[in-house]
Amino acid sequence: MVQWPLDFVAIRLRQLDEVSASAWDDFVTTRPEGTFFHRAAWARVIESAFDHRCHYTLAEQDGAIVGVLPLAHVRTRLFGNTLVSTPFCVYGGPLAVDHDAAAALDAHAEALREKLGAAAVEMRERDDVDCDWQVRPDLYVTFRKPITGDNDRNMKAIPRKQRAMVRKGIQNSLTSVCNQDVAVLHRVYAESVRNLGTPVFSRRYFNILSRIFSDCSDIVTVLDHDRPIASVMNFYFRDEVLPYYGGGTAEARHRAGNDFMYWEVMRRAAERGFRLFDFGRSKLGTGAFAFKHNWGFEPEKLHYRYRLAPGAAIPDHNPLNPKYRLFIAAWKKLPLPVANLLGPPIVRGLG
């Protein structure tokens, strides 16, 4: 049984509280491997939007923070029982100043898995970690690339065929607006993911994200004669821009709306001083992977690692899994209002 506080090699572990949230975020910002998805506020997002219990843990030594672990317990009838760092996020895992702090946080995660009866602990690491956990390096990659303050240079850095698609959107007289219009974003996004055969997140989730991350998020929407055809929610962290939840209507495909949208995110971010474009996670062998690679981004392997209960298997909720093929085909045929009603209770377990 895990007790608070837990001592491990003179390191004290305790649960994150409201008073410690700013110190947590300061620590994340100072760590080179820290990401937007390590921010303390994700605990509030996950608990408010999905009702999953969060176990965000601080490691302290001599009164100073030496590590943090954002961990959430995702338990549903459809998709099982897993501790994830961090669900609904592409990166996660412990951040620590040294091996002892990292080992203490790993040991805590393993003890918590046993206490809660979870089948697995999943750490969504961006970088390789030297440990004896099981890994699955063959599924996800991320795409990250520097950008400059010169948009002519940024445009020329896009490979010729993809650059032609961006210019097509410009020639089609598409325009963009930047705001916090969650209603428009969700309407476009819901149609987009339904067409891909994927359950949609609730509009409430996007409202929570927009409110909690109001200081570091916006929504860029592409208009075709005042009609929204593509929209994306973007997050900002240090010098990075992360377009995260986005999609386009059927019209967007014909008008180069998605291509124009990501260019507008890049252009606007560059003008504000951001210098790295994080295109996010994609699965190998998917259309999203090909789309991002066509922008001149080189894939970087993600190193997700797992500690499993005896007899348990690594969670596999990948839509490329053959067992989901019929479900995806049927979902694409659902009327949009039905898909919007059924989607949120399902997707809360996918994490």
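The values are calculated or read from the model by the stated rules, or taken from the named source; none is laboratory data. What you see is a predicted model; the values in this text were computed from it and never measured. Note that we place each Cβ from the backbone using ideal geometry, even for glycine, and neighbour counts take in every protein chain shown. Just so you know, the surface numbers come from the protein's heavy atoms only, side chains and all, with ligands and any DNA or RNA stripped out. Shrake-Rupley method; radii C 1.70, N 1.55, O 1.52, S 1.80 Å.
Is it true that Leu78 is more than 28 Å from Asp215 (Cα to Cα), open to solvent by less than 10 Å² (accessible area, probe 1.4 Å) and either in a helix (DSSP H, G or I) or touching a residue at least 12 places away in the same chain (Cβ under 8 Å) (or both)? So Leu78 fails the test.
Residue count for the stretch 296-307 satisfying the condition of being open to solvent by less than 20 Å² (accessible area, probe 1.4 Å) and over 20 Å from the mean Cα position of the chain (by Cα): 0. Thr30 satisfies every condition listed in (1) out of contact with any Leu (no Cβ under 7 Å at 6 or more places or on another chain); (2) open to solvent by 10 Å² or more (accessible area, probe 1.4 Å); (3) closer than 20 Å to Ile208 by Cα except (3).
Right, Arg204: in contact (Cβ under 8 Å) with a residue 40 or more places away in the chain and either within 30 Å of Lys333 (Cα to Cα) or among the polar types (S, T, N, Q) (or both) or not? Taking the combined requirement at face value, the residue satisfies it. For the stretch 218-234, the set of residues classified as over 22 Å from Glu33 (Cβ atoms) and open to solvent by less than 20 Å² (accessible area, probe 1.4 Å) consists of Asp218, Ile219, Val220, Thr221, Val222, Asp224, Ile229, Ala230, Ser231, Val232, Met233, listed by residue number.
Examine the stretch 257-268 for a residue that is surrounded by fewer than 20 Cβ atoms within 10 Å (Cβ to Cβ) and under 30 Å from Thr30 (Cα atoms), and state whether such a residue exists. Yes: the stretch 257-268 contains one or more residues that are surrounded by fewer than 20 Cβ atoms within 10 Å (Cβ to Cβ) and under 30 Å from Thr30 (Cα atoms). Listed by first and then second residue, the pairs with beta-carbon distance under 6 Å, at least 6 apart or on different chains, first residue in the stretch 327-351 and touching a residue at least 24 places away in the same chain (Cβ under 8 Å), second open to solvent by 70 Å² or more (accessible area, probe 1.4 Å), are Gly349/Leu78.
Checked against the criteria, Cys131 counts as outside any strand (DSSP E or B) and either exposed (fewer than 14 other Cβ atoms within 10 Å of the Cβ) or not hydroxyl-bearing (Ser, Thr, Tyr) (or both). Within the stretch 117-146, residues that are closer than 25 Å to Phe297 by Cβ have Cβ atoms under 7 Å from residues that are of a type in the set (Ser, Thr, Tyr) and assigned to a loop (DSSP other than H, G, I, E, B) in these pairs: Arg124/Thr86; Arg124/Tyr91; Arg126/Thr35; Arg126/Tyr91, counting only partners at least 6 apart in sequence or on another chain. Just one of the listed residues (Leu116, Leu58, Leu69, Leu95) is modelled with pLDDT of 95 or more, within 23 Å of Cys216 (Cβ to Cβ) and over 21 Å from the mean Cα position of the chain (by Cα), and it is Leu58.
Within the span defined as the stretch 91-100, every residue fails to be charged (D, E, K, R), within 30 Å of Tyr324 (Cα to Cα), in contact (Cβ under 8 Å) with a residue 40 or more places away in the chain and not in a loop (DSSP other than H, G, I, E, B). At least 1 residues being farther than 20 Å from Ala164 by Cα and modelled with pLDDT of 95 or more is the threshold, and among the helices (runs of 4 or more DSSP H) wholly inside the stretch 250-342 those reaching it are 257-271. Residues in the stretch 247-289 that are under 21 Å from Leu302 (Cα atoms), among the small types (Gly, Ala, Ser) and either touching a strand residue (DSSP E or B) at 6+ places or on another chain (Cβ under 8 Å) or free of Cβ contacts under 8 Å to residues at least 12 places away in the same chain (or both): Gly280, Ser282, Gly287, Ala288.
Would the stretch 107-115 turn up any residue that is closer than 30 Å to Trp263 by Cα, of a type in the set (Lys, Arg) and either in a helix (DSSP H, G or I) or open to solvent by less than 20 Å² (accessible area, probe 1.4 Å) (or both)? No: the stretch 107-115 contains no residue that is closer than 30 Å to Trp263 by Cα, of a type in the set (Lys, Arg) and either in a helix (DSSP H, G or I) or open to solvent by less than 20 Å² (accessible area, probe 1.4 Å) (or both).
Results for (1) open to solvent by 10 Å² or more (accessible area, probe 1.4 Å); (2) within 17 Å of Asp138 (Cβ to Cβ); (3) touching a Lys or Arg at 6+ places or on another chain (Cβ under 7 Å), shown as yes or no for each residue.
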residue	(1), (2), (3)
Tyr236	yes, no, no
Gly273	yes, no, no
Asp278	no, no, yes
Ser282	no, yes, yes
Phe289	yes, yes, yes
Ala312	yes, no, no
